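Note sheet for the following structure.
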Amino acid sequence: MTDIEALRRQMEAAADALDFETAKRLRDQISVLRGGGEVADTEGLTRQQPGAMGLGTSQQRVVPPDGWVKPKKPDPMTKGRKR
């Protein structure tokens, strides 16, 4: 029996005993042993709220940069038209 298999059985036993913190810790150890790399820390992350613009932002509106001036609207009747 491999270390991963032993950890998996311990994890299942902990989950059956409703000890989810231990089961989570064992799951993370299994992930590291399988080569899953470092375990991501998701403590400070929150879900994006509806209406927020863009991925990973909590800004509700786009704010133009300082010094930006809205361009003049072209006149479609006179510019770039031939008779």
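The values are calculated or read from the model by the stated rules, or taken from the named source; none is laboratory data. Values in this document were obtained by computation on a predicted structure and should not be read as measured data. With ideal geometry, Cβ positions are generated from the backbone for all residues, glycine too; neighbour counts draw on all protein chains shown.
Assorted remarks:
- Asp28 meets all of the listed conditions (1) surrounded by fewer than 10 Cβ atoms within 10 Å (Cβ to Cβ); (2) at pLDDT 60 or above but one, namely (1).
- Residue in the range 9-16 that is modelled with pLDDT of 90 or more and of a type in the set (Lys, Arg) present: yes
- Residue match in the range 33-40 (condition: surrounded by 12 or more Cβ atoms within 10 Å (Cβ to Cβ), modelled with pLDDT under 90 and in a helix (DSSP H, G or I)): yes
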